[in-house]
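None of the figures in this text is laboratory data; all of them are computed from the coordinates on show. Treat the numbers as computed from the prediction; the structure is a model and nothing was measured. Positions of Cβ are generated from backbone atoms using ideal geometry, with glycine treated the same way; all protein chains shown enter the neighbour counts.
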Amino acid sequence: MATPTMVLLPIWGAGHLMPMLEAGKRLLSHSSGDLSLTVLVIRPPTPESTAEAADLVRREQSAAAANSDRIDFLDLPAVDYASDLFEPEPAPPHVRDAITALPAPVATLVIDSFCTVVLDVSLDLAVSAYVYCAGKASTFVLLLSLKSNEEAAGAAAVDVPGLPPVPRSTLPTPLQDMTSYKDATGILINTAEEFEPTVLAAVANRAPAIYPIGPVVSLTVSASSGCCASRRHPTDADLEELLPGGFLERTNGKGLVWPTKAPQKEILAHAAVGGFVMHCGWNSVMESLWLPMSPSIGYQMVPWPLYAEQHFSALMLKNNWVDSGELECAVKCLMGSAEKGAKVRQKAMEMKNACRIALEKGGSSYKALQSLYTQAALVLFYR
């Protein structure tokens, strides 16, 4: 019989595709060779995103071949994105056809949190399905706590299990509908028990089961997507237009402006980095906890949230975000030798080490992954 496969369905963006693929690789490491991965690739909506996704897939295919990993990539047929580029739902019939055509038995299906429309497919095919959330547990539990957008709009604060009241001003926008999650077998979240203990404890006994498997960060330091001050594609960035007049001249010899997509992981792993001013995307939070590589080095994050769930993420980082007027003071604090700067660096180092321990054999995230693999193996045994 062909080796059973776990099917992954990420959306195309690097911030979703790569973490889910890394989570799948970790599950492979728990399987002792009796499991493979099949990644269903959703066609992106634009030529730029299509080229980026294709490049990511090519690099992962080459790496899988070099390491003899059992990872296959299958392109799904294109769908019409004319109505809204930010609703990346795949067509359920395409997913159903791809799964039923696989030559190997399907151990389980792992889908992106933006692809829950295909949960009905898993029910019809009697295949267990897990939802992968690239964000933190707090966001997931927050969205579960809101019955409707109207409820959120009418309250000064929202009560969330395991958290203090959450100010309405920090709620993610837009709010994602979570009603379909009840049909999932379980929820995989890019966090660790050590990072969000009160939230995870508050929902530990509810269904579907939650598996904190993070931090989900590629263990190989390589080029990564960065952040640009504009919504345009970074390769098209005009620095003279984006930056204040004379900025490049004033910072010459003091700093470096990366004009294209930055290799974020390599930069964060560099010993010269003392702090990270960030928009508070959750993948960047996890990377800043994982890097730098030395366990004796920790640096502070300065959240500068912009949109989506970033304000809520900043709130979870102890209300420590800044506006442009406060940024200089915050950077001087974390880089200086003052007592406050030393304390925040020590705290960052402690949290980074806790996240590393979570992934080691016997750690909380290691156990969650082992439990997930055991569940998938049991399903195949009794099918």
In sequence order, calculated HN-Hα J values of segment 310-315 (Karplus, 6.51, -1.76, 1.60; Hz; x Gly/Pro):
5, 5, 5, 4, 5, 4
What residues have an amide H closer than 5 Å to that of V110, excluding those fewer than 5 places away on the same chain, when H is modeled at 1.01 Å from N in the peptide plane?
V7, L8, L9, Y130
Take S113, S218 and order them by how many other Cβ atoms sit within 10 Å, fewest up front.
S218, S113
Taking a ≥ b ≥ c as the square roots of the Cα gyration tensor eigenvalues, with a/c under 1.5 meaning rounded and otherwise prolate when a/b beats b/c, else oblate, which class fits segment 1-145?
rounded
Could you list which residues have their amide H under 5 Å from that of V277, counting only those 5 or more apart in sequence or on another chain, with H placed in the peptide plane?
V302
Given H placed 1.01 Å from N in the peptide plane, which residues other than close sequence neighbours of I210 have an amide H under 5 Å from its amide H?
I187
